[in-house]
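Remarks on the structure that follows.
The values are calculated or read from the model by the stated rules, or taken from the named source; none is laboratory data. Quick caveat, the model's predicted, so the values are computed rather than measured. In this analysis, Cβ positions are derived from the backbone assuming ideal geometry, glycine residues included, and neighbour counts consider all displayed protein chains.
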């Protein structure tokens with residue numbers, strides 16, 4: 001084991017504790033101006049219809065993400081059946097979204113599944129990097145589309161001029177276009193010491209853009225359903241808010257973006273009514289899938305041990 005790896009293992013628990021402490025502070029700062037009665041009243045505004053639609057968009061989001069894992073597995077030239085990929089994808093992402101440190105949490109679950117099905121550790125690393133890149137291009141595309149379709153509403157939400165939002169949208173989409181251009185032209189792999197990372201072919205890169213963008217729009221739809229139960233707000237400003245909040249959450253590595261998403265959304269759309277919507281969003285998109293994914297993972301581990309026992 002290398003010295004750097006040993007140091008990381010020692011620091012990892014402290015990093016997790018620091019991230020949870022930061023999350024607790026951000027939640028306290030975001031909610032300190034609202035009483036328990038205001039939060040309770042805010043939750044009561046969310047109807048069963050909004051909750052049902054939010055749950056449907058959540059299911060569609062995780063289904064979309066299984067397509068992202070399928071592209072990643074095909075990128076490694078593996079022919080695993082979709083049912084296995086879907087199981088690994090949902091379990092890994094439902095746990096990873098909640099715990100944060102997605103490269104490690106969801107990556108560890110993916111590693112457990114995919115190596116058990118015969119993929120090499122190098123291929124699992126390529127799958128994790130491919131999925132991370134899918135998130136990045138989806139983030140840029142969803143943000144760029146939101147900024148260009150309704151620059152006036154998004155600019156009003158962020159307190160800037162519409163021209164600035166148009167410029168930002170164009171820059172974000174330019175980043176995606178450059179990535180697609182590289183995928184179309186570059187034919188040689190990227191080498192990092194002995195590790196090779198092939199540049200995805202154009203068809204897979206286009207699939208990444210489609211999956212990543214669709215997923216961000218679906219998650220934004222979940223948040224929009226919760227918010228629209230109590231405030232008048234359009235979909236694209238919510239989508240741009242979620243892109244900004246998710247970017248901050250990724251950079252901070254706070255578990256599940258806990259406190260970061262709440263702080264960003266409340267700064268853009270303040271008010272007691274929004275607090276209940278954010279709590280409902282957290283339960284529908286993060287907590288319920290996390291419980292289901294944890295049960296699935298535990299069940300798979302029990303079955304795996306039972307199969308090994310006779311051997």
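For residue 96, the conditions (1) closer than 25 Å to residue 243 by Cβ; (2) touching a residue at least 40 places away in the same chain (Cβ under 8 Å) are fulfilled apart from (2).
Yes or no, residue by residue, for (1) at pLDDT 90 or above; (2) surrounded by fewer than 20 Cβ atoms within 10 Å (Cβ to Cβ); (3) in a helix (DSSP H, G or I):
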position: 278; (1), (2), (3): no, no, yes
position: 282; (1), (2), (3): no, yes, yes
position: 293; (1), (2), (3): yes, no, yes
position: 301; (1), (2), (3): no, yes, yes
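Of all residues in segment 131-150, those satisfying the criterion of being in contact with a helix residue (DSSP H, G or I) (Cβ under 7 Å, 6 or more places away or on another chain) and closer than 30 Å to residue 109 by Cα are 131, 132, 133, 134, 135, 137, 138, 139, 140, 141, 142, 143. Test residue 107 against the criterion of being within 21 Å of the chain's Cα centre (by Cα) and either more than 26 Å from residue 64 (Cα to Cα) or surrounded by fewer than 17 Cβ atoms within 10 Å (Cβ to Cβ) (or both), and give yes or no. Criteria not met by residue 107. For segment 110-139, a residue qualifies if it is buried (at least 18 other Cβ atoms within 10 Å of the Cβ) and not in a helix (DSSP H, G or I), and exactly one does: 119.
Every test in (1) on the phi > 0 side of the Ramachandran plot; (2) touching a residue at least 12 places away in the same chain (Cβ under 8 Å) is passed by residue 77 save one, and that test is (2). Note on segment 233-259: residues that are in a helix (DSSP H, G or I), at pLDDT 80 or above and surrounded by fewer than 22 Cβ atoms within 10 Å (Cβ to Cβ) total 1.
Comparison of 173, 153 shows that the only residue that is touching a helix residue (DSSP H, G or I) at 6+ places or on another chain (Cβ under 6 Å), under 20 Å from residue 242 (Cα atoms), part of a helix (DSSP H, G or I) and at pLDDT below 90 is 153. Can residue 164 be described as over 19 Å from residue 130 (Cβ atoms), touching a helix residue (DSSP H, G or I) at 6+ places or on another chain (Cβ under 9 Å) and not in a loop (DSSP other than H, G, I, E, B)? It is true that residue 164 is over 19 Å from residue 130 (Cβ atoms), touching a helix residue (DSSP H, G or I) at 6+ places or on another chain (Cβ under 9 Å) and not in a loop (DSSP other than H, G, I, E, B).
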